[in-house]
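Student: Shown below is the structure under consideration.
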Amino acid sequence: MIDYKELAELLFPDVTMTPEDVEKMYPPRNVPEGAVISRAAPSPTGFVHLGNLIQALTSERMCHQSGGTLFLRVEDTDAKREVPGAIDTLIDYLGIYGIHFDEGVTKGEDVGIYGPYRQRRRVDIYHVFAKKLTAEGKAYPCFCTEEELAAMHEKQEAEKANYGYFGKWAVWRDRPMEDIKAELEKGKPWVLRFRSTGSIENKIKFTDLIKGQLELTENDIDHVLLKSDGIPTYHFAHAVDDRFMYTTHVVRDDSWLSTLPFHIQLFQALGWKHPKYLHIGPLMKMDGESKRKLSKRKDPELALKYYRQNGFPTQSVYEYLLTVLNSNFEDWRRANPDAPTDDFKFSYKKMNPAGSLFDEAKLCDVSKNVISRMSAEKVYDEVLSWSEEFDAEFSEVLKNNKDTALKAFAIGRGGKKPRKDLTLWSDAKGYMGFFFDEIFTLEDAYPDNFHKSDIKTALTQFCETYDEADEQQVWFDKIKAIAENIGFCTDMKAYKAEPEKYKGSIADVSMFLRVAVTGKMNSPDMFEVMRILGKDKVIERINKMTEVL
Ligand code: GLU
């Protein structure tokens, strides 16, 4: 029998701290009964995606609705994947969506007494427990080289055996002390492996808060706990960190479900109670007839960057995700059109265990509604902020003409049935850019089926009769009169029944004016548009049009 204590000393001669010391360093949190302590634990790869947001949003709601604590831990154990600036990017992106952390990594120093919150700075802590597991015979060093492991894998393939380091393949599991010492003396690199006592013949019962009751196969693999540079793997760091940061609920992607039996074993081996788990199903999309997971490679809409660049309001993306995650959110929103989303009672119980379907058309629909509920000031600020980053020319125009822009954004806003003209901030220029001479262009031409002389007459008569002081009905009656003068039908019902009887309709006369004034076939309410532009500008544009006709 190997002397495990001696082995632990041999492998970790410099570790003097004891598990009790670590316990003392991190006293239990003083939180109210039922408060959720959870975290976002991203790797700093620089790629921030919808999955990160869904994870963080779920944790954030659970923590803050229960009076608990949300912290940010950076899982930087894989230095190769780390991208400079990734942490700031992540904090910024989540911050935009209203996800703020109470504790953990910040853009400056870490905040909180359970740190450090970046895993590479916690190596001393992991080693205390690596040493403990070794001293108890629950972990052992393995000196296999990459080549040896690759050869093992090939052999397993040839023998149609299960893959992995277990059973007869676990060649360092029961090696005598002399062999270990000999390798150490040669300075050979080693990893620390977990000594699994599980068997794939056994099942474990487990309740995941999203997936429900699960029966999982026990883990029989001697997984790596510490890599050869002494840095822990995700699994080991997860157990140690979530234990000493007092995480009550681990919310993570369901790709971790396959290693959950190992995590449970690890907590048991360390003598700790494991936290509750919520494994979130994947985000999928329709690809032809079938569903598939959103992929980083194929789907730009997976990245949060996509939404900012394309001008999706953050509030729209946020509300859309709530719609996707909690099926009752839509009804709640309908009943509470003006309430802040934080008033909605988010519940993990409503999350679909199989994952959610991402549908951009639906997101756009949500977005129209979200923008329609905003004030003109808010829309102005948001469009300006978006344009400053993505359309410098338009942002200048907005800044120089703030009053007009505010009036333009106010058209059809407020009231019971607000207009839904905008889906994206990037729509704003096309929607109301014509107000500004700097960017006004004649985008649409008159259809060929009208006589130029009729159009000209209509435009001229309008200029002759236009009075800015007219009420909307008077204004409209004047247009009607013009329609009659040029032989266009003023009754839409009659026109639709027998269109061939007329040269056109009152709607066409409005269109003549619309194209002249806005340059486009579609625009916000013409009466309002003209009021905002002012008589001089209206007449100037119509006159210009009669000249070029
Ligand atoms: N670093 C892991 C990931 O990004 C975190 C998983 C977890 O939340 O535990 O997937």
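Student: Please report the relative contact order for the chain, taking Cα pairs under 8 Å with a sequence separation of at least 6, and give it as a percent rounded to a whole number.
Tutor: So the answer I get is 11 percent.
Student: Okay, next question. What do you reckon, how do 368, 345 stack up by accessible area (1.4 Å probe), largest on top?
Tutor: Putting 368, 345 in descending order of accessible area: 345, 368.
Student: Still on this structure: With the calculation restricted to Cα positions, what are the radius of gyration and Dmax of the chain in angstrom?
Tutor: Rg and Dmax of the chain, Cα atoms, are 33.0, 110 Å.
Student: Looking only at region 228-365, where both bridge partners belong to it, what percent of the DSSP beta bridges are antiparallel (to the nearest 5)?
Tutor: Close to 35 percent.
Student: To check you understand DSSP bridge types, tell me what percent of the beta bridges within region 11-168 (both residues inside) are antiparallel, rounded to 5.
Tutor: Around 10 percent antiparallel, to the nearest 5.
Student: Once you charge only the Cβ atoms, +1 for Lys and Arg and -1 for Asp and Glu, what is the size of the charge dipole of the chain about its Cα centre, to the nearest 20 debye?
Tutor: Charge dipole of the chain: 1080 debye, to the nearest 20.
Student: Given the protein chains as shown and a 1.4 Å probe, how many square angstrom of residue 272 are accessible, to the nearest 10?
Tutor: 30
Student: Under a 1.4 angstrom probe, counting protein chains only, how are 387, 523 ranked by accessible area, largest first?
Tutor: Ranked from most to least accessible, the order is 523, 387.
Student: Let me ask something additional. For region 155-260, report the accessible area per residue in Å² (1.4 Å probe, heavy atoms, rounded to an integer).
Tutor: 48
Student: Further question: Under the rule of at least 5 residues apart or a separate chain, name every residue whose amide H is placed under 5 Å from the amide H of residue 284.
Tutor: Under 5 Å from the amide H of residue 284: 294, 356, 357, 358.
Student: Hey, what number do you get for the chain at 222 nm if only DSSP H runs of n ≥ 4 count, each worth -39500 (n - 2.57), divided across all residues, to the nearest 500?
Tutor: Result for the chain: -13500 deg cm²/dmol, rounded to the nearest 500.
Student: Excluding residues on the same chain fewer than 8 positions from residue 456, give the lysines whose Cα lies under 26 Å from its Cα.
Tutor: 478, 480, 493, 496, 501, 503, 520, 535, 537, 544
Student: Under a 1.4 Å probe, what is the accessible area of region 359-468 per residue, stated in Å²?
Tutor: About 51 Å² of surface per residue is accessible.
Student: Something else: Would you mind computing, in nm to one decimal, how far apart the modelled labels at residue 331 and residue 345 are, each placed 7 Å from Cα along Cα→Cβ?
Tutor: 1.3
Student: Next up: At 1.4 Å probe size, what's the solvent-accessible area of residue 332? Round to the nearest 10 Å².
Tutor: Its heavy atoms expose roughly 50 Å² to the probe.
Student: What list of ³J(HN,Hα) values in whole Hz, one per residue of region 395-405 in order, does the Karplus curve 6.51 cos²θ - 1.76 cosθ + 1.60 (θ = phi - 60°) give from phi, with Gly and Pro shown as x?
Tutor: Per-residue couplings from phi come out as 5, 4, 4, 5, 5, 6, 10, 4, 4, 4, 4 Hz.
Student: Sticking with this structure for a sec: Could you work out what % of the accessible surface of the chain is carbon and sulfur, using a 1.4 angstrom probe and leaving DNA, RNA and ligands out of the count?
Tutor: Of the solvent-accessible surface of the chain, carbon and sulfur hold 49 percent.
Student: Something else about it: From a point 7 Å beyond the Cα of residue 388 in the direction of its Cβ, which residues of region 66-107 have a backbone N at a distance under 19 Å?
Tutor: Counting only backbone N, you get 89, 92-98.
Student: To the nearest 10 degrees, how steeply does helix 472-485 sit against the main Cα axis of the chain, on a 0 to 90 scale?
Tutor: Long axis of 472-485 versus the principal axis of the chain: about 60 degrees.
Student: Expressed as a whole number of Å, what is the distance separating the alpha-carbon centroids of region 373-394 and region 450-491?
Tutor: Going from one Cα centre to the other spans 35 Å.
Student: What do you get for the angle between helix 146-158 and the principal long axis of the chain? Use alpha-carbon atoms, 0 to 90 degrees, nearest ten.
Tutor: That helix lies at roughly 80 degrees to the long axis.
Student: With unit charges on the beta carbon (Lys/Arg positive, Asp/Glu negative), name the residue among 141, 125, 58 whose Cα is farthest towards the positive pole of the charge dipole of region 20-156.
Tutor: Projecting each Cα onto the dipole axis, the largest value belongs to 58.
Student: I'd like the orientation of helix 50-65 relative to the chain: the angle between its Cα long axis and the longest Cα principal axis, in ° from 0 to 90, rounded to 10.
Tutor: 80
The values are calculated or read from the model by the stated rules, or taken from the named source; none is laboratory data. Since the structure is predicted, the reported quantities are computational estimates derived from the model, not experimental observations. Cβ atoms come from the backbone with ideal geometry, glycine included; neighbour counts cover every protein chain shown. We work out accessible area using only protein heavy atoms, side chains counted, and drop any ligands, DNA or RNA first. Shrake-Rupley method; radii C 1.70, N 1.55, O 1.52, S 1.80 Å.
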